[in-house]
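The values are calculated or read from the model by the stated rules, or taken from the named source; none is laboratory data. Everything quoted here is computed from the prediction, not taken from an experiment. Note that each Cβ is placed from the backbone with ideal geometry, even for glycine, and that neighbours are counted across all protein chains shown.
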């Protein structure tokens, strides 16, 4: 199952805990339901409400720029520094974490407070092994692109605070099974165009 990465420009807040150490935590949404992405090169996508109902989120890590050597927190840590809480609500996947007291963690908090970093991202995979496909593809002729609806996410690997532009084309990677669906749509479109062309040719002959 290939890993896909998507990014979202969203409000990320730094809040203070009411404790003796004046600890701070980061809060925001890694993904939002029923919200169309920007154009991802040749397609755009939307995540259905309920797409996370069966998702594996038992071992999710918070990272900086998806770099595994810059861990900030993990949801296997229950409380304190390094803890990550994930909540699925009506809006999407909400996260809250208290970063570990590291040099890069402190630098990140400064950039968040200054608004230099205001984007987050998540990496995930889809499970194509079941009877029902986890995503649907359609062709939007008006916008000249394909539309993808993600109905079932198999696993969330990480959520990440990022500095790169939201929904950059280079990050818009889809799995092989999803690409096969797009190829089917392309063949159907080509077949339809050929049929229309033949009908027009026959019409010309009868005039």
Enumeration of residues in the stretch 72-98 that are without any contact (Cβ under 8 Å) to a residue 12 or more places away in the chain and part of a loop (DSSP other than H, G, I, E, B): 77, 78, 79, 89
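Which residues, counting only those in the stretch 153-182, are assigned to a loop (DSSP other than H, G, I, E, B), at pLDDT 70 or above and within 12 Å of residue 126 (Cβ to Cβ)?
Result: 153, 154.
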Residue match in the stretch 138-152 (condition: within 30 Å of residue 109 (Cβ to Cβ) and either at pLDDT 90 or above or part of a loop (DSSP other than H, G, I, E, B) (or both)): no
Answer from 101, 131, 53, 69 - the residue that is outside any helix (DSSP H, G or I), under 19 Å from the mean Cα position of the chain (by Cα) and either free of Cβ contacts under 8 Å to residues at least 40 places away in the same chain or surrounded by fewer than 18 Cβ atoms within 10 Å (Cβ to Cβ) (or both): 53
